[in-house]
1. Would you mind classifying the range 200-294 by shape? Square roots of the alpha carbon gyration tensor eigenvalues, ordered a ≥ b ≥ c; an a/c under 1.5 is rounded, otherwise it is prolate if a/b is larger than b/c and oblate if not.
2. Using a 1.4 Å probe on the protein heavy atoms, what percent of the accessible area of the chain belongs to carbon and sulfur?
3. Name the shape class, rounded, prolate or oblate, that the alpha-carbon gyration tensor gives for the chain, where a ≥ b ≥ c are the square roots of its eigenvalues, rounded holds for a/c under 1.5, and otherwise prolate holds if a/b is larger than b/c and oblate otherwise.
4. For the Cα atoms of the chain, what angle does the longest principal axis make with the long axis of helix 143-153, in degrees from 0 to 90, nearest 10?
5. Rounding to the nearest 10 and keeping the result within 0 to 90°, find how far the Cα-based axis of helix 8-28 lies from the longest principal axis of the chain.
6. Which value, in Å² rounded to 10, gives the accessible area of His55 with a 1.4 Å probe and all protein chains present?
7. Count neighbours as other Cβ atoms within 10 Å of each site's Cβ, and list the trypsin sites (Lys or Arg not before Pro) in the range 237-270 that are DSSP loop with at most 15 such neighbours.
8. Could you list which residues have their amide H under 5 Å from that of Lys4, counting only those 5 or more apart in sequence or on another chain, with H placed in the peptide plane?
Amino acid sequence: MGAKIIDGKAIAESLREEVKQQVSERVSQGLPVPGLATVIVGDNPASKVYVRMKHKACQEAGILSIGHELPADASQNEVEALVKKLNEDPKIHGILVQLPLPAGLDEESVLNTIKLQKDVDGFHPINIGRLAQKGREPLFIPATPSGVMYLLENSDAPLDGANAVVLGRSNIVGMPVSLLLVRANTTVTICHSHTKDIPAVTREADILVAAVGVAEYVRGDWIKPGATVIDVGVNRVEDASRKRGYKLVGDVAYDEAKEVAGAITPVPGGVGPMTIAMLLRNTLRAARLVDEKT
Ligand code: GUN
């Protein structure tokens, strides 16, 4: 039997619609339009594509979004001065510094400069630290990990007591998603480049989250029959049959995996759209934090 396909695109669309309605309601009550500022440093083409998509989504949801671009040779002081200016801008409720930053910039120091209440990406060391601690609550949870959890919580897969395996330990996805899975009472194993016999580990997973950035890394016979597979990867592979010369595939060999898994996210149309929906939710939440204070 084939796996249930988890339609992240449709789920994200309904979340975006919800945010749009809530934004419209608050504006009709005279509350400020939520505002997001993005910061790109350098010319990373993927970052530019992602940030453009975030602005488009903000516009559709009625959220103000203002983009800032700094050259690749911008100094630490220049980047942090911009963040500090945005910290003080009352129209801006959320600040997103697109990662990765060019080599030579101190990422942690930049993220530490973002006002905690405006950290809609959830990467501020205090927010991440709180995520890692029992009984503490971060103000914001990073968008992609929270999109993964939303898909899992709204699937049929029981989380409590399940074996979850996360492939990858990045600051942006692997590590925060692992922390969230622990909070959801799963037993988590994190695999990385030093892990021995990864297929033997993934075969024990009731829930498998792949975030390694390697095209079709996970094969069908690495998956436990009936498992829920969440594919975070977005990789370009050559495809001469397409006009643009490439296609997008995930970290999971989808055609093989869907024959074994109980449920699976496609690429594209799985986790990707959830990232943007969660960023919009976080931006609305940031605006509400200001409402509560005033
Ligand atoms: N780079 C890749 N994903 C993300 C993200 O969710 N936020 C930021 N700021 N940078 C990223």
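1. Values: a/c = 3.31, a/b = 1.56, b/c = 2.13.
Because a/c hits 1.5 or more and a/b fails to exceed b/c, the range 200-294 counts as oblate.
2. Its accessible area is 51 percent carbon and sulfur atoms.
3. Working: a/c = 1.63, a/b = 1.52, b/c = 1.07.
Prolate shape, in that a/c is at least 1.5 and a/b is the bigger ratio.
4. Approximately 50 degrees, to the nearest 10.
5. The angle comes out at about 20 degrees.
6. 40 Å²
7. Details: sites: Arg242, Lys243, Arg244, Lys247, Lys258; in loops: Arg242, Lys243, Arg244, Lys258.
Taking the range 237-270 and a limit of 15 other Cβ atoms within 10 Å, the loop trypsin sites (Lys or Arg not before Pro) found are Arg242, Lys243, Arg244.
8. Excluding prolines and chain starts, which carry no amide H, the hits are Ala263, Ile264.
The values are calculated or read from the model by the stated rules, or taken from the named source; none is laboratory data. Quick caveat: nothing in here was measured; it's all calculated off a predicted structure. So basically every Cβ, Gly included, is an ideal-geometry build from the backbone, and we count neighbours across all protein chains shown. Accessible surface areas use protein heavy atoms only, side chains included; no ligands, DNA or RNA. Shrake-Rupley method; radii C 1.70, N 1.55, O 1.52, S 1.80 Å.
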